[in-house]
Amino acid sequence: MSVSAKTSSPDTSIETHIGQGGETRQTGGAPLTTNHGIPVSDNQNSLRAGARGPTLLEDFVLREKIFHFDHERIPERIVHARGTGAHGFFECTDPIPELTRASLFQKKGARVPVFTRFSTVAGSKGSKDTPRDVRGFAVKFYTDEGNWDLVGNNIPVFFIQDAIKFPDLVHAVKPEADRGFPQAATAHDTFWDFISLMPESLHMVMWAMSDRTLPRSFRMMQGFGVHTFQLVNAEGAAKMVKFHWKPRLGVQSTTWDEAVKISGADPDYHRRDLYEAITTGNYPEWDLGIQTFDEDWAAKQPYDVLDATKLIPEEDIPLRIIGRLVLDRMPDNFFAETEQVAFLPSNVVPGIDFSNDPLLQGRLFSYLDTQKSRLGTTNFHQIPVNAPKCPMQNFQRDGMMQTQIPKGRANYEPNSLHEAGEDPGPRASDQGFQSLARLQEPATEKLRIRAESFADHFTQARMFYHSQTAPEQTHIVAALVFELSKVKLPYVRERTVAQLRNLDEVLAQRVADGLGMKLPKPAPMAQPPIDMPPSDALSILRHEAPVAGRCLGILVSDDVDATVIAALQVAAEAAQATVKIIAPKVGGVMLKGGKHLPADEKLDGAPSVLFDAVALVLSEAGAMALTGEKAALDFVSDAYAHCKAIGYTAQAAPLMAKAGVEADAFTLDLPTGAEALIAFLSSRNWEREARVKLPV
Ligand code: HDE
C-alpha cells in the first residue's frame, strides 16, 4: 500500500532558526529547520502510515527532535548543583601594582567582564533556594591575560583542613546512602556523626548554625576566597592575601522559621530575587577587599594561615578595598551559561598565585577533573561562557566537540615551519605565568601528616561565638538544638555536645537543656583553645544595613484611601526599596473614589515571609472580612513573629488583634508612620522573639 505524506501548516508564532554565525535565536518568523538545516514542514504531526496508522521510522524530523530531547540533561554539579548566575564587570578602584602585576589591578577605573554564580552546596539542582546551607560565590574574571576564577563561599572558613576529607564530608551531608533523604539538609544523623568525629569542623559549624546560612538575598551576602593566596608584583616579590567581597546592600539574613516557610511559598526565592533586581536595573554591587600580610606576620599568629578552618580577624588586618563588582545582566540562556559555566580555582593569572593550603591544593585537581565529567569533553573551555576573552593559542588540539578549526601543518612545539596562524612558541621567560617558588619550608620528606600548627580546633570557633550579639547567639543555640533534635542516634548528639563544651560551657549547657539531655563529659582535644579577642566584623547585627534593595508588602482591601498607599510608595522609592501590592484577589481592589488598583499577588500566594516589612492598608469592612481568612492571619502573625515592622491603618486593628500583635516600637500607624516603616525595612525587633518563643 502506498502512503502519501500529508502535512499541515506549522504554527510559526515562536520559532527558532540558526542565524548567521551559528547562534540560535528566536525569530518569530523564519521557518524551523532540523539541526542540519533541512526545512521542517510540520512541527505538530509525526509521519505515519495512514491517518491512524503506526509512526514511520523514516521520520528523521521526529527522531532528531526526540533524540536531542533525550540527551538534554547533563550531570549536575557534585556539590553546588543549585545556583544562579549573572554577568557584570569588575572595576579597579584602587590600583595595587606594588602588590601584584595582575593586569586587572593596575589602573583605576579599568574594567574587566565577569560572570558570577551563586549556589547552595548540599542540595541537588531542583532543590529549594533557602535551606540552611553555605552559599557558593564564584566569580570568573575575563582578564586580558586569561581567566581568573575566584571560587569562594559566603563563609570565610571551611569544614575540613585537607582535601582528602572532602568526599567524606560531602557524602555525610548529602542524602543518606541507603534511603536517599533528606534533601538539602544538614539536620540528619550522618552529617552530625561525621561532624562530631571531626573537631576541625567546629569553627565552620558555628558559622553554619548562625544566620549566615540563611541569607535574605544573594545580593546581601559577603563572599570570601577562604584560602590564603599570594599576590606577586612585577619584581617577583610576594605577599600573602585573603580576598573578601562586601555587599553594598549590607549583610542580612532571614530567620529559620522564615526560611522554612519561604521554601514552600517560593522555592526559587533567591533566583527570582536576583533576576528581578537585575532586570529592573537595581544592579547589585560588592566591594573587593584584601588582607595582605607576609610570612613573618603569619608566623606570629596563634593559627596557621594555611589552615582553611581559620580566618584572619579584620581587626588585626583591616580590609583594603581595591575594586567593585557590579552584576548588570542576566544570562540570555540559563543552560548555555549558568549551567555550563565551569569554574577552576586553578585559573589564576600572572600576579596571583596559590598558597600551600592543603585544601586549595586538592581543589586545583578536582575542578578540572569534574568539568570533563559534567561537560563531557576536554574542550569545555570553548563554550562561550568559559572561553577567555583574550587571544588563546596552544597545540592542545582535537578531542570531542572541537569547535574551532586550527590551521597549519605543525601541531607541536618547538617547530620551524612557521606557517601562517601557527604559534611561535612559548613567551620569553619574563612574560607569562611563572609559579612562585613558594615552599615555606624545605621539603625533605614525603609525609602523610597534619601539621602541628593545624591542631587547635576550638579557639576560633569560640571567638566566632563570642563575637555575636545576644540574639545571634540564641539563633545559634536554637539551630543546634533543632538540628540535633533531628539526629536519631543519641550518642551522636552526646558527642556533639561534648565537643561544644570545649568551645563554650554556657553554649553547651543551653544546647543540652534544649535537647533535654545531661551534659556529657568534654571531648578529648588535640590542643586546648586560647581566648582570641572577639571580632565585631563577624557579627551581622552589629552593623547597620541600608534599606535599599528591600521590599515592602502592602496588603490592601477595597475602599481604602489611595494617599496612604502613595505615601508608602514615595517613601520606598526615595530609599531605593520596592513595594508589592497584595490583595485578596489578584485582579486588585477598588480604591475609595472608584479608582482601580491592580495587585501584584494574591494573598495566599504572597505570605509575609516574602517581604522585609508589611503594611496593612485596610478598610473597616476589608479588615473584618480578613479576620476570617487564615492566610491574612498568618500574614500578620508571621510578620510579627519574624520581628518585622508592621504599618497599619486604624481600621486594620481587628485583624492585628486577632493575629496576636502587641504594639511596640516596630508597629506603626499609617500614614504618619510611612517613612519610619520604610526605615525599618532592613532591621528587626529581636526583643519580640522572647514573646513568641520559649527560651532556648
Ligand atoms: Fe568546591 N567543588 N570543592 N569548594 N566549590 C565544586 O566543581 C571541591 C571548596 C565551591 O558555581 C565542584 O564545578 C573539593 C571550598 C563553589 O559552578 C567540585 C574541595 C570552597 C563551587 C568541587 C572543595 C568551594 C564548587 C563541583 C575540597 C570555598 C560551585 C562542580 C578540597 C572556597 C562553582 C564543580 C559553580 C564546586 C570540589 C572545597 C567552593 C566537585 C575537592 C573550600 C562556589 O569540583
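Here are the numbers:
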{"item": "Flag for VAL560 being assigned to a strand (DSSP E or B) and assigned by TED's automatic domain parsing to the domain that holds ARG688", "result": "no"}
{"item": "Failed criterion for MET221 (all others in (1) open to solvent by 10 Å² or more (accessible area, probe 1.4 Å); (2) within 16 Å of the ligand (Cβ to nearest atom); (3) among the aliphatic types (A, V, I, L, M) hold)", "result": "(1)"}
{"item": "Residues (more than 21 Å from the chain's Cα centre (by Cα) and buried (at least 19 other Cβ atoms within 10 Å of the Cβ)) located in the stretch 173-189", "result": "HIS188"}
{"item": "Within the stretch 73-111, considering residues that are more than 10 Å from the ligand (Cβ to nearest atom) and free of Cβ contacts under 8 Å to residues at least 60 places away in the same chain, the one most open to solvent (accessible area, probe 1.4 Å)", "result": "ARG73"}
{"item": "Contacts under 7 angstrom Cβ, first residue in the stretch 323-344 being not assigned by TED's automatic domain parsing to the domain that holds THR116, partner within 13 Å of the ligand (Cβ to nearest atom) and not in a strand (DSSP E or B), 6 or more apart", "result": "none"}
{"item": "Search result, residues across the stretch 316-345 that are part of a loop (DSSP other than H, G, I, E, B), more than 11 Å from the ligand (Cβ to nearest atom) and under 23 Å from the mean Cα position of the chain (by Cα)", "result": "LEU319, MET330, PRO331, ASP332, ASN333"}
{"item": "Pair list, Cβ under 9 Å, 6 or more apart: the stretch 151-167 residue basic (Lys, Arg), other residue within 8 Å of the ligand (Cβ to nearest atom)", "result": "LYS165/LEU359"}
{"item": "Residue check, SER355 open to solvent by 30 Å² or more (accessible area, probe 1.4 Å), out of contact with any Lys or Arg (no Cβ under 6 Å at 6 or more places or on another chain) and small (Gly, Ala, Ser)", "result": "no"}
{"item": "Residues being within 16 Å of the ligand (Cβ to nearest atom) and in a loop (DSSP other than H, G, I, E, B) - total across the stretch 225-247", "result": "4"}
{"item": "Selection within the stretch 248-296 - of a type in the set (D, E, K, R) and in a strand (DSSP E or B)", "result": "GLU285, ASP287"}
{"item": "Among the candidates LEU618, LEU626, residue that is open to solvent by less than 40 Å² (accessible area, probe 1.4 Å) and under 13 Å from ILE554 (Cβ atoms)", "result": "LEU618"}
{"item": "Only listed residue being buried (at least 16 other Cβ atoms within 10 Å of the Cβ), outside the structural domain of ALA265 (by TED's automatic domain parsing), touching a strand residue (DSSP E or B) at 6+ places or on another chain (Cβ under 6 Å) and under 30 Å from LYS693 (Cβ atoms), chosen from PHE666, PHE611", "result": "PHE611"}
{"item": "Members of the stretch 128-156 that are within 14 Å of the ligand (Cβ to nearest atom), not in a strand (DSSP E or B) and not acidic (Asp, Glu)", "result": "VAL134, ASN154, ILE155, PRO156"}
{"item": "Count of residues meeting criterion [more than 7 Å from the ligand (Cβ to nearest atom) and under 18 Å from TYR142 (Cβ atoms)] in the stretch 346-367", "result": "7"}
{"item": "Matching residues in the stretch 452-471 - criterion: being farther than 27 Å from GLN527 by Cβ, out of contact with any Phe, Trp or Tyr (no Cβ under 7 Å at 6 or more places or on another chain) and not aliphatic (A, V, I, L, M)", "result": "THR469"}
{"item": "Close pairs (8 angstrom Cβ cut-off, 6 or more residues apart or separate chains): in contact (Cβ under 8 Å) with a residue 12 or more places away in the chain and more than 15 Å from LEU311 (Cα to Cα) in the stretch 278-300, aromatic (Phe, Trp, Tyr) and open to solvent by less than 60 Å² (accessible area, probe 1.4 Å) anywhere", "result": "PRO284/PHE218; TRP286/TRP245; ASP287/TRP245; LEU288/PHE90; LEU288/PHE243; LEU288/TRP245"}
{"item": "Single residue of ASN386, ASN394, ASN411, ASN415 found to be within 15 Å of the ligand (Cβ to nearest atom) and either modelled with pLDDT under 95 or in a loop (DSSP other than H, G, I, E, B) (or both)", "result": "ASN386"}
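Quick grid of which residues meet (1) over 22 Å from ARG216 (Cβ atoms); (2) in a strand (DSSP E or B); (3) modelled with pLDDT of 95 or more:
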| residue | (1), (2), (3) |
| --- | --- |
| ILE582 | no, yes, yes |
| LYS592 | yes, no, yes |
| ALA599 | yes, no, yes |
| ALA625 | yes, no, yes |
| GLY628 | yes, no, yes |
| ALA631 | yes, no, yes |
| ASP634 | no, no, yes |
| GLN651 | yes, no, yes |
| GLY660 | yes, no, yes |
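The values are calculated or read from the model by the stated rules, or taken from the named source; none is laboratory data. In this text the structure is predicted, and so the values were computed from the model without any measurement. Positions of Cβ are backbone-derived with ideal geometry, glycine not excepted, and every protein chain shown enters the neighbour counts. Protein only, heavy atoms only, side chains kept; ligands, DNA and RNA dropped before computing areas. Shrake-Rupley method; radii C 1.70, N 1.55, O 1.52, S 1.80 Å.
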